[in-house]
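Okay, structure first, notes after.
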Amino acid sequence: MAAYGKKQPNLIVYMIDDLGWNQISAKQATMGTHTGSFMTPNIEKIANKGLSFTHAYTQPNCAPSRAAMLSGQYPARVNNGVYIVGNLNRNKKPGITKEQAQFKGPNQRQDVASEAVTIAEALKKNGYNTAHIGKYHVGGHSGESTMPENQGFDINIGGYTQGHQPTCFAKKGKDSWQFTKLGRGDFDRFGEPYTESYVEKFHISKSQIGKPKHVCDALADAMEETVQSLAAKPEPFYLQLHAYAVHGPVQSRPDLKDAAMSRGSKQTNLAGFISGMDAVLGRLLDSLDDPDQNGDTSDSIAKNTLILFTSDNGGTHGDNLPLRGVKGMFTEGGIRVPLIAYWPGIIPANTVSDRMVHGIDFYPTLLEVAGNTWLPSQKKHPLDGESFADILFNPKLKNRRSPIFYLFPGYMDIRAQPCVVVIDEIENKRYKLLYFYEADEWELYNLTDDIGEDRNIIKKHPKVASNLSNKIQTWLGQKHPTWKPKYPLSKKSGKSVHPRFL
């Protein structure tokens, strides 16, 4: 039996790729800071009828965010081990070559370990059927054992090693329409051009009839097919719907681009692309209301389905103001993301919570909502995440989350260098402390009063900095790795380096 209600609910995570915190028009989730350039009526709908989290965090890059959510673990854990896309020695800092970099990033995984107990595997133990649709990115690099179908997913459409879509439109091949070089071709069967009946059904401009199918609509087609199949079974289901939008190349469906231009958007392709991913959410809501798509909603599963809508990291196409920085950075613009929870009749409508949440928290939260009839062994697969299920059903609760930590033992071009970070609350203020290994320097920001991280207040608040520094020291401990400096002329070469704790 589920922890909330008599019946285990269906669980859906709709994750967008590279969507910035302020690139949606739901004022609740953005603290009213969205620019008006991006219109997302379906996201507004679930925000108006659901719960918005204003302080939701994830990892600053695609692959580590997905690995953290799948495993419920920080990158430093052995069953995770994914810190970045590619490798930890992406040195492109101006004036700094790989040879001159003071540290050498350790080897890392590109996939969640095959030994890991993924959230899909845990939910299967709790009686769920499971499916993944779209971008996966953290499987297949190290062999078939880490592919979605071998990590707990009964259905896998699109999940592969790939980190982005090479094209956004299907193209006519020798015998059929294809999304060229997109994964293993799973979406090709949805690639036929738009027909009159299709555009009429999904309220698409008639100007699209006969034009190539966009990847957003192909994702929605696969989703509808999958929801219909899963809803017909007696067991509840878990669905990961992971969009390719809005990762580059940023290419909008033409009619959505035209609509963005007509309302004065300065980034018409991006605005149209965002509208496309929002339309997928609208079709998802319709599919839950009418799973078998026969026009009769008596089989609706909407009231027994929890949707979590989020992004995998901060935006990269333009600014994330008032947040500082972009994808890849450990400033708020790189790690803070939209998060909206929607479950009609269960989650209080039009509510907001400023409780901190991290992507690693999805795992224990969804297990608790599912009833926690089976949990992974803490010895085999310890969880770093903390459930926020109680907040879903009572957003007024003021229980705090433990500190959120980041350890980055390498380089990501000009955006990130070796650092360790903590975000926590002290005397009802939310602070962020960062230590940069190369410079051997600390920075402290009061996020409550300075959302843009404009003022380093470490000299004014040494006690706060010391408090947070001690928490970093405790968290790093022996179970989290440090890394070796690479000073060719130094006696320190090969030795581990720890922060100079305050």
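The values are calculated or read from the model by the stated rules, or taken from the named source; none is laboratory data. In this text, all values refer to a predicted model and were calculated from it rather than measured experimentally. Backbone-built Cβ (ideal geometry, glycine too); neighbour counts: all protein chains shown.
Results for (1) in the same structural domain as I335 (by TED's automatic domain parsing); (2) over 22 Å from Q162 (Cα atoms); (3) surrounded by fewer than 20 Cβ atoms within 10 Å (Cβ to Cβ), shown as yes or no for each residue.
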| position | (1), (2), (3) |
| --- | --- |
| V82 | yes, no, no |
| K92 | yes, yes, yes |
| E115 | yes, no, yes |
| T118 | yes, no, no |
| K125 | yes, yes, yes |
| Y128 | yes, yes, no |
| H132 | yes, no, no |
| S142 | yes, no, yes |
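If a residue has to be closer than 18 Å to I16 by Cβ and either in contact with a Pro (Cβ under 9 Å, 6 or more places away or on another chain) or surrounded by fewer than 23 Cβ atoms within 10 Å (Cβ to Cβ) (or both) to count, how many in the range 227-241 make the cut? Break it down into steps so the answer makes sense when it comes.
Kept after step one, since they are closer than 18 Å to I16 by Cβ, are these residues of the range 227-241: 239-241.
From the residues that got through so far, the ones that are either in contact with a Pro (Cβ under 9 Å, 6 or more places away or on another chain) or surrounded by fewer than 23 Cβ atoms within 10 Å (Cβ to Cβ) (or both) too are 240.
Qualifying residue count for the region: 1.
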Inset, instruction - Output the residue which, of all residues in the range 294-308 that are part of a helix (DSSP H, G or I) and among the hydroxyl-bearing types (S, T, Y), is nearest to I46 (Cα to Cα). - result: T297
Legend entry - Count of residues meeting criterion [over 18 Å from A68 (Cβ atoms) and either assigned to a loop (DSSP other than H, G, I, E, B) or hydrophobic (A, V, I, L, M, F, W, C) (or both)] in the range 125-141: 5
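Out of curiosity, is I119 touching a helix residue (DSSP H, G or I) at 6+ places or on another chain (Cβ under 7 Å), farther than 26 Å from G248 by Cα and modelled with pLDDT of 95 or more?
Yes, satisfied.
What number of residues within the range 261-299 are among the acidic types (D, E), without any contact (Cβ under 8 Å) to a residue 40 or more places away in the chain and more than 19 Å from F237 (Cβ to Cβ)? Break it down into steps so the answer makes sense when it comes.
Residues of the range 261-299 among the acidic types (D, E): 278, 286, 289-290, 292, 296, 299.
Within this subset, residues satisfying the condition of being without any contact (Cβ under 8 Å) to a residue 40 or more places away in the chain are 286, 289-290, 296.
With more than 19 Å from F237 (Cβ to Cβ) added as a condition, the list becomes 296.
Count: 1.
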Inset, instruction - Tell me, yes or no, whether the range 262-272 has at least one residue that is buried (at least 19 other Cβ atoms within 10 Å of the Cβ), in contact with a Cys (Cβ under 6 Å, 6 or more places away or on another chain) and not β-branched (V, I, T). - result: no
